[in-house]
Amino acid sequence: MNTLEANKAVSIFQESVLDWHKNESPHKNPYPDGSLEATLYQKNHIDTIQWHIEDEIRRPDIALEDVVNLKRKIDKLNQDRTDMVEKLDDFIIEMFRSASPKPDARLNSESPAWLLDRMSILELKIYHMEEQVRRTDKGASIEHIQKCQNKLDVLLDQRLDLIRCLDELFDDYARGIKKVKVYRQMKMYNDENLNPSLYKNQK
C-alpha cells in the first residue's frame, strides 16, 4: 500500500478487532512485516489488548498486586501505542515527500497518525457498544439498550466524520494547502534516563 485511504484503514482496524475477539487473545498479524497494513493492524491490536486490560483493572475484587501488574502492562502498551503511531507518521511523511507546500500552507495541530489513533479506538467503542445493544440478559433493560443505541448512533456518525477528516487532510497535503509536519511525543515516564523516579533509584 503506497497510499492510504481512510476507509481502508477503518476496515483493517475492524479486522483486527474481530480477530482478537474470536479467541480473546493475541494473534498473528496477517499482513507482510513492515508494511503499512501490518502497522495499522498492529496498532489496533495493541489498542484492543489495552482496552480489555483497562476493563480488568477496574474490577473491585482484584488484589492490589494484580492492580500494580496490570498498570505496568498498561504503561508498556501505551509506549507501544505511541511507537506505532510514530511509525504510521513515518509512512505518511514518505507518502507526501514529493508534495510541494504552498508558501501560505497551514499546519495541522494533529498529525495524521494521531487521527488514525482516534479512529482505531473508535472502532473498539463501536464494537463494544454494539455488544451492549445486542444484550439479552436480565441485566440489560429496555432503557439500557436504548441508551446504548443512542450512543452507538453518535459513534457511527463520528466514524464518518473522522474518515472525512483524514481524507480531507491527505487531500490538503497533496494540494499543498497544508504541509506535513510531525511532532514526536517525547514520552518520559518509561525512560530510565528521563524519569527522576527511575534514575534516582537506580542501584
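The values are calculated or read from the model by the stated rules, or taken from the named source; none is laboratory data. Predicted, not measured: the structure shown is a model, and the values here were computed from it. Heads up, the Cβs are rebuilt from the backbone with ideal geometry, glycines too, and the neighbour counts pull from every protein chain shown. Remember, those area values only see protein heavy atoms, side chains included, never the ligands or the DNA or RNA. Shrake-Rupley method; radii C 1.70, N 1.55, O 1.52, S 1.80 Å.
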Of K76/K125; K76/K147; K71/K138; K22/K87, which pairs sit farther than 25 Å apart, going by alpha carbon to alpha carbon?
K76/K147; K71/K138; K22/K87
Furthest towards positive pole of dipole, L152, I177, V17, structure part the chain, Cβ charges
I177
Quick query: amide H of K178 versus all other amide H atoms, modeled in the peptide plane; which residues come in under 5 Å with a sequence gap of 5 or more or a different chain?
R106, Y173
From largest accessible area down, sort V182, V10; use a 1.4 Å probe on the protein chains.
V182, V10
Toy charge model, Lys and Arg Cβ at +1, Asp and Glu Cβ at -1: region 31-163 dipole around Cα centroid in debye, rounded to 20, equals 240
Ignoring GluC sites (Glu not before Pro) that are buried or in helix or strand per DSSP, and keeping those with at most 16 other beta carbon atoms within 10 Å, what is the longest stretch of the chain between them?
25-109
Once normalised by the length of the chain, the mean sequence separation of its alpha carbon contacts under 8 Å that are 6 or more apart gives a contact order in percent of 25
With x for Gly and Pro, the residue-by-residue ³J(HN,Hα) of region 25-31, computed from phi through the Karplus equation 6.51 cos²θ - 1.76 cosθ + 1.60 at θ = phi - 60° and given in whole Hz, is 7, x, 8, 6, 6, x, 9
Per residue value of the accessible surface for the chain (all protein chains in place, 1.4 Å probe), Å²
62
Given springs between every Cα pair under 10 Å in a Gaussian network model of the chain, which of D137, D171, D47 has the largest fluctuation?
D137
Considering only protein heavy atoms, with the full assembly of protein chains and a 1.4 angstrom probe, order T136, T48 by accessible area, largest first.
T136, T48
Would you mind counting up the charge near K147? Only other residues with Cβ under 15 Å from its Cβ, with Lys and Arg at +1 and Asp and Glu at -1.
0
What value in Å³ per residue do you get for the convex hull of the alpha-carbon atoms in the chain?
166
